[in-house]
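The values are calculated or read from the model by the stated rules, or taken from the named source; none is laboratory data. Predicted model only: the values in this text are computed from it and were never measured. Glycine gets a Cβ as well: all are built from the backbone with ideal geometry, and neighbour counts include every protein chain shown. The accessibility values were calculated without ligands, DNA or RNA, using every heavy atom of the protein model including side chains. Shrake-Rupley method; radii C 1.70, N 1.55, O 1.52, S 1.80 Å.
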Amino acid sequence: MMRRKIACVLCCAILCLSMVAGLGCSAKNTLSGSSDSTQANVGSTSKNKEFDGKFDATVNAGNAQEVVYVNGSWFDMGRQYGLQQKDQLENNWTAVMASIYAEADDAAYNKAMGKILKHYEEDEPSVFDFLSGVADGAGISKEDAVVAVMGSSVLNSDLMMHYDPEGSKTDDSERSKTCMNVSAWGDMTQDGHHLGGANLDALSATPAAMFSSMISYPKHGNAVIASGGLQGNAFMNSKGLVITYAGAPTASPSEGAEVIDREGTFLDTLFAYWYTATKCDSADEAVKMLTETEWIHTGNINVSDNNGNAYLIEQKDNAYVVRKAGDYGETDYLIAANHFKDELWMNDSYEAYPDSVPRANTLEKIMQDEGGSVTPLTLANGLGSIRYYDEGKWSEENWDYGGFYQFHSPEGDDIEFKTIFRTIFDATDLEMYVLRGHDEKFRSDVPYGTANYCKLTLGKDMQTTNKSAETDARIAVRNAGAELYKNDSVDDESMEYYNMAAEAVHTGCNYTTMADCANAKGDKEQAAIMYGLATSQFANAQRYAQASYTTENVILN
């Protein structure tokens, strides 16, 4: 159990919020930021020793494991997540505790978390079982699992500490500007494909930046692929339902806002999207579930499916407005940054987010210029734009200091907030493309970012998904070799990236052999762990191969 030494937590609070404590193993950073140690022994676990506030300050978002799989019952999935994300969960817990301890001692903490656990156990037992599994796998208490899983980097700790399913929420603390999202379909896209995308903007040193992509196969429910696991903002399920999230400021509801039933299920926002994707087949079902859920903070939720149904929920703590394409002139697309379209809804908060408008306008302009032929690459270029379009003209200088720092371009370039990773979905083909860091890698705040995407295709099971990642990795290495062969000479950096790509394929194949063996024996837990390590290698191979010969996002072409 993670016992809390209050003095230690308070002393390291600033460090915990400005650095990332990563993998517990000794890690040697290479050019790519990959780790020499790949946690092959992650299947074994023991109860945590007493928490002493120490962490490995040298590990960062550049050398985290890329992908984890979970499968089976809700408890099984929680346990597998706890086993594979143990260090990330502990570091997230540490950062959140630094905030919680500003207002609570151990007794208050355990009472508050106990109330949340009781609510789940009585009203949403699947969530209780998942948290119980996380606690078992990570070797922590259930109370600590609530904070580690649901305490995101944008946690409103006041609501968690004072949660009351029969009470009300009055805290109106300011929200930071983070993230943006998009969905497109029908006449807007090439061949009518259903596409989605999101930027996750945050401090790269927050624990949330360390979480791996998660591919889940619940025993009952839809498979879901998520670019940042339970701390990400982009989710796609096996039915082609896409849910993406962007933060928004506090705001007073407009007259047309619906009031949320406060008796609804309490869920942290980021966890709620994954959970909803496992339960719902369509956008209509997802909107119903999401608007009946009690929230921690505000946000813009983009929900779309393969049948051309799409909605954007403008969400306040206790109220919401649902809009759809056409309400503000859109045609087969929806875009959200950190402002609400309804200015009456925004009231006095509107002026606090002037950067959101040009970011949304930029993506909209790029999409409209390619209307009818928008592809995943279009969304990648739009979300990755380092210049911005506003008031009918393009501006190359995207950053300004006018009393406070702000960035106007979709790719985050603020002094504080940066784009940490980008997700693009082709839900028609169940493909996910993930970029860690920036397209503009020299502006990136993520160490060892290659400025290239990897591609993962959500298959019917872990084995199928891993195999497609292997195939894409082999193609990427083959193409890199063919391009390098044309050159009269190859520089040392290109050769290093190429060799790392080839090595990652071999390593991934070795993990695949172990995963297939465990799978054949019916050991789904060990299979999940080994497939995760294998797919991580194949994802890295794709990026390294591209980086060896080009700065273009060739996987997206």
Roughly how many percent of the accessible protein surface of the range 435-534 is carbon and sulfur, given a 1.4 Å probe and a whole-percent answer? 48 percent
Average accessible surface area per residue within the range 364-419, 1.4 Å rolling probe, Å²: 46 Å²
Here, M495 and E397, labelled 7 Å along Cα→Cβ, have an inter-label distance in nm of 4.4 nm
For H220 and R387, extending 7 Å from Cα along the Cα-Cβ vector and measuring point to point gives, in nm, a value of 5.5 nm
In Å², and per residue, what accessible area does the range 182-231 have when probed at 1.4 Å with the other protein chains present? 22 Å²
Compute, for the range 435-552, the length of the dipole vector about the Cα centre, with Cβ point charges of +1 (Lys, Arg) and -1 (Asp, Glu) only. Units Debye, rounded to 20. 480 debye
Find how much the distance from E503 to T464 grows on full extension, using 0.36 nm per residue of separation minus their present alpha carbon separation; answer in nm with one decimal. 11.9 nm
In whole percent, what relative contact order does the range 461-557 give with Cα contacts below 8 Å and a gap of six or more residues? 42 percent
With r as the distance between the Cβ atoms of K324 and T550 and R0 = 25 Å, compute the FRET efficiency 1/(1 + (r/R0)^6) and round to 0.05. 0.05
With all protein chains present and a 1.4 Å probe, how do E503, E364 order by accessible area, largest first? E503, E364
Rounded Å value of the spacing that divides the Cα centres of the range 303-331 and the range 75-153: 31 Å
If one computes the Cα centroid of the range 176-199 and of the range 504-533, what distance in Å separates the two points? 33 Å
Using a 1.4 Å probe on the protein heavy atoms only, what accessible surface does C179 show? Give it in Å² to the nearest 10. 10 Å²
May I ask which of K393/K418; K455/K486; K316/K467; K111/K341; K316/K460; K288/K441 have a Cα-Cα span longer than 31 Å here? K316/K467; K111/K341; K316/K460; K288/K441
Amide H within-cut-off set for F421, under 5 Å, with H built and near neighbours excluded: L200, G437
Heads up, the range 408-524 by the C-alpha gyration tensor (a ≥ b ≥ c square roots of eigenvalues; a/c under 1.5 rounded, else a/b over b/c prolate, else oblate) looks oblate
